[in-house]
Amino acid sequence: MYKVFFNDRTVFFGDDFSKAFLKHKGLFYKYNNYIELDELVGLFASLTQINNLYILHDNILMVFEEFKACFKVIEAGGGIVLNERGEFLVIYRNGTWDLPKGKLEKGEDFQTAALREVAEETGLPELQMIEPLTSTYHTYHLKGKRILKRTKWFVMQYNGSAEPVLQAEEGISDYRWASPGMTGFIRENTYASILDVLYMRNLL
C-alpha cells in the first residue's frame, strides 16, 4: 500500500474498500476520475481535522500515477548514518529533528544524490553505503504550487572520529548521535515521514 504524508496526516492507497472501511477511520474515496481526484486533494489539504484519507481502486499503480499528476514531483535522496557505536545521526533543521537529505541534481541517481547530500549537510567524510531502505512521499506548497517530494532513503556507515560540520545555510543548527530506542526527543518533534523511516530500520 502506498502512502503520502500531508505533514502529520496521511493519504493511503488500497484495493480493498470493505476491509479499509472496517479497520480504519477517516475519509474514504473510491477512485472515479482525475478531475474528482484533483479536487479531493485540495479538499483534504484544507480539512485539517481529518487525519487519514483512503483512496481505493483495483489498480493502485494507475491511481497513484494519477495522484502524482496533481502535483509537481521533486525527487530526493537521504540517509540514516550509523557510527561504530551503533548510534544514528539526527540533525536539527529549522526547529525540527530531521534526517539529512536533499534534491537530486541533473543526471544524478538516488544513491549518488543521497551520499552527496548527506556529506554536504553533515560534513562527514568517507561515508560508506550499506543498503537501500525505503521511499517516502510528502507534500507541501511552494510559491502557490502543490509539491510532492519522493525521497529514497539509504543506510550509511561512518567509521571516522570527526564531528559533523553542519550546513547552516540549510537551516541546520544542531545534531545528535541517538541510540536505538532512546528516541523520545525525536518522536516529540519530528515529521511523520521521518518516524516512518526510523521505524523501517527498527531504530525507534
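The values are calculated or read from the model by the stated rules, or taken from the named source; none is laboratory data. Just so you know, these numbers come straight off a predicted model, no measurement behind them. A quick note on method: Cβ atoms are made from the backbone with ideal geometry, for glycine too, and the neighbour counts reach across all protein chains shown.
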Residue in region 97-105 that is out of contact with any strand residue (DSSP E or B) (no Cβ under 8 Å at 6 or more places or on another chain) and surrounded by 14 or more Cβ atoms within 10 Å (Cβ to Cβ) present: no
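Are any residues in region 87-133 charged (D, E, K, R) and farther than 15 Å from Ile194 by Cα, and if so, which ones? Give the steps one after another, and end with the answer.
Restricting attention to region 87-133, the residues satisfying the condition of being charged (D, E, K, R) are 87, 93, 98, 101, 103, 105-106, 108-109, 116-117, 120-121, 126, 131.
Those that are charged (D, E, K, R) and farther than 15 Å from Ile194 by Cα: Glu87, Lys103, Glu105, Lys106, Glu108, Asp109, Arg116, Glu117, Glu120, Glu121, Glu126, Glu131.
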Failed item in (1) of a type in the set (Gly, Ala, Ser); (2) at negative phi; (3) loosely packed, with under 14 Cβ neighbours inside 10 Å, with Ala119 passing the rest: (3)
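Specify the residue that is surrounded by the fewest Cβ atoms within 10 Å (Cβ to Cβ); the eligible residues are those in region 6-33 that are among the hydroxyl-bearing types (Ser, Thr, Tyr) and more than 17 Å from Thr139 (Cβ to Cβ). First the steps, then the outcome.
Residues of region 6-33 that are among the hydroxyl-bearing types (Ser, Thr, Tyr), as a first pass: 10, 18, 29, 31.
Filter once more, so that each one left must be more than 17 Å from Thr139 (Cβ to Cβ): 18, 31.
On the way: Ser18: 8, Tyr31: 19.
Here the answer is Ser18.
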Failed condition for Gly86, given (1) out of contact with any Ser or Thr (no Cβ under 8 Å at 6 or more places or on another chain); (2) in the same structural domain as Leu142 (by TED's automatic domain parsing); (3) surrounded by fewer than 12 Cβ atoms within 10 Å (Cβ to Cβ): (1)
Helices (runs of 4 or more DSSP H) lying entirely in region 1-78 (those with 2 or more residues that are over 26 Å from Gly144 (Cα atoms)): 17-23, 60-68
Single condition Leu115 does not satisfy, out of (1) assigned to a helix (DSSP H, G or I); (2) more than 12 Å from Gln167 (Cβ to Cβ); (3) without any contact (Cβ under 8 Å) to a residue 40 or more places away in the chain: (3)
Check on Ala76, touching a Leu at 6+ places or on another chain (Cβ under 8 Å), buried (at least 16 other Cβ atoms within 10 Å of the Cβ), of a type in the set (A, V, I, L, M, F, W, C) and at pLDDT below 95: no
Residue tally, condition crowded, with 20+ Cβ neighbours inside 10 Å and either under 10 Å from Leu27 (Cα atoms) or β-branched (Val, Ile, Thr) (or both), over region 42-67: 5
Qualifying residue in region 184-198 (condition: farther than 23 Å from Glu65 by Cα and assigned to a strand (DSSP E or B)): no
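I'd like the full set of residues that are closer than 25 Å to Gln128 by Cα and in a loop (DSSP other than H, G, I, E, B), limited to region 79-100.
Asn83, Glu84, Arg85, Gly86, Glu87, Leu99, Pro100
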Subset of region 27-80 (residues that are farther than 16 Å from Phe13 by Cβ, among the hydrophobic types (A, V, I, L, M, F, W, C) and touching an Asp or Glu at 6+ places or on another chain (Cβ under 9 Å)): Ala76
From Glu131, Glu163, Glu126, Glu169, residue being surrounded by fewer than 14 Cβ atoms within 10 Å (Cβ to Cβ), in contact with a strand residue (DSSP E or B) (Cβ under 7 Å, 6 or more places away or on another chain) and outside the structural domain of Thr10 (by TED's automatic domain parsing): Glu131
